[in-house]
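Student: Mind looking over this structure? Questions follow.
A short reminder: the numbers here are calculations on the coordinates, not readings from a lab. The structure displayed is predicted, hence computed values, not measured ones. Cβ coordinates were reconstructed from backbone atoms using ideal geometry, including for glycine residues, and neighbour counts include every protein chain displayed.
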Amino acid sequence: MSFTADNAVIMAAGFASRFAPISYETPKGLLRVRGEVLIERQIRQLRQAGIDEIIVVTGYRAERFAYLKDAFDVVLVHNPEYAVRNNNSSIYAVRDRLRNAYICSSDNYFTENPFTKTVDESYYAAVYAEGETAEWCITTGTDGYIDSVRIGGCGAWYMLGHVFWSAPFSRTFVHILEQEYDLPQTAALLWESIYMQHLDVLKMRMRAYPPGVIYEFDSLDELREFDHSYLDDTRSEIIQQLAHKFNCTQREMTDFRALGGPGERAFSFRLRGKTYCVTPDQTRIS
């Protein structure tokens, strides 16, 4: 059996707090990487594959994504719970639109177009980690379906990038999500956490990709490895001001890390062998 993709959902609601402090100024999906805005590149790749209906789920700094409606003829759906729930709330916000659908993240960069109009079956994209990884590792059974998901592993395939849900998969997932949505423990869960609790009825294959096709940037340092222009120009006023304050180049400032929870706008970084902690109202050496 094969399925014809009806639409694609691009999740762009989150704070991306791990990408502090750049995400305090610009949603990660709107960063320009190797000359293209991340979400715009992904929209173009979906359209090239014949996916006409593209739904962008917004939340944090939703106004920054408003231009996409006219520029790319996408549908914008606001997730009103983005600040108090994990990304399962973005799936919930578009639950009535899910059929044969790609589910994507706005911050992924694909060096090759991974999308096709016709898909054989529901799948999760995966890449291989030669050594230790803290990512969500998966195994498949003799029938080819994912039969286990664990966080962390070594020499393992792990989830990275987009997924495709067939209409039957979408119906089953939405039914489970609606049943569990109001449970207190569900609010903090990624949709993948809900999926891994129901592997017996949520059948999905692993689609393996070679190295160098799917990228996700969890920190400025990771982005700098991929796009060297960020070494000297982070496109961040916050970092520019700190470089001026400390009389250093932006290249010298590394290892940026968020401190506290989403929205707290506190972070640390390394400079010349020292760690600096930055809060909205002060800077101090820790």
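Student: Take A134 and E112, extend 7 Å from each Cα along the Cα→Cβ direction, and tell me the distance between the two endpoints in nm.
Tutor: Distance between label points: 3.0 nm.
Student: What ranking do 132-138, 175-181 get when scored by the average of other Cβ atoms within 10 Å per residue, highest first?
Tutor: Ranking the peptides 132-138, 175-181 by packing returns 132-138, 175-181.
Student: Rounded, prolate or oblate: which fits region 1-154 when a ≥ b ≥ c are the square roots of the eigenvalues of the alpha-carbon gyration tensor, with rounded for a/c under 1.5 and prolate only if a/b beats b/c?
Tutor: Verdict is oblate for region 1-154.
Student: Where does helix 38-48 land angle-wise versus the long Cα axis of the chain, in degrees 0 to 90, nearest 10?
Tutor: 30
Student: Straight-line reach from K117: which lysines fall under 26 Å, measuring Cα to Cα and dropping same-chain residues less than 8 apart?
Tutor: Cross-link targets: K69, K203.
Student: Still on this model: With r defined as the distance between the Cβ atoms of T279 and L76 and R0 fixed at 41 Å, what FRET efficiency is calculated, to the nearest 0.05?
Tutor: My answer for the efficiency is 0.80.
Student: Can you give the extra length, in nm with one decimal, that the chain gains between T142 and E121 once fully stretched, where that is 0.36 nm per residue apart less the Cα-Cα distance?
Tutor: 5.9 nm
Student: Moving on. Hey, with R₀ at 30 Å, roughly what FRET efficiency would I176 and A208 work out to, going by the Cβ-Cβ distance, to 0.05?
Tutor: 0.70
Student: While we're here: Check cross-link reach from K245 to the lysines: straight Cα distance under 29 Å, and skip same-chain residues fewer than eight apart.
Tutor: Correct list for K245: K28, K274.
Student: Compute the Cα gyration tensor for region 62-103, then decide on rounded, prolate or oblate, letting a ≥ b ≥ c be the square roots of its eigenvalues: rounded whenever a/c is under 1.5, prolate when a/b is larger than b/c in the other cases, and oblate in all that remain.
Tutor: Taking the square roots of the gyration eigenvalues as a ≥ b ≥ c, region 62-103 is oblate.
Student: To the nearest 10 degrees, how steeply does helix 167-180 sit against the main Cα axis of the chain, on a 0 to 90 scale?
Tutor: Tilt of helix 167-180: around 60 degrees.
Student: Using +1 at the C-beta of Lys and Arg and -1 at the C-beta of Asp and Glu, which of Y60, A125, Y145 has the Cα lying farthest in the positive direction of the dipole of the chain?
Tutor: Y60
Student: Once amide H atoms are placed 1.01 Å from N in the peptide plane, what residues at a sequence separation of 5 or more from V9, or on another chain, have their amide H within under 5 Å of its amide H?
Tutor: When sequence neighbours closer than 5 places are left aside, the close amide H contacts are I55, Y102, I103, C104.
Student: What angle do you read, to the nearest 10 degrees and between 0 and 90, between the alpha-carbon axis of helix 237-246 and the longest principal axis of the chain?
Tutor: With both axes taken from Cα atoms, the answer is about 30 degrees.
Student: How much length is gained on full extension from Q197 to L259, taking 0.36 nm per residue of separation minus their Cα-Cα distance?
Tutor: 19.3 nm
Student: Using 0.36 nm times the number of residues separating A49 and R150, minus their current alpha carbon distance, what extension gain do you get?
Tutor: Going from the current span to full extension adds 33.2 nm.
Student: Where a ≥ b ≥ c are the square roots of the eigenvalues of the C-alpha gyration tensor, would you call the chain rounded, which needs a/c under 1.5, or, failing that, prolate if a/b is larger than b/c, or oblate?
Tutor: prolate
Student: What's the local net charge at L231, with K and R +1, D and E -1, over the other residues with C-beta under 13 Å away?
Tutor: -4
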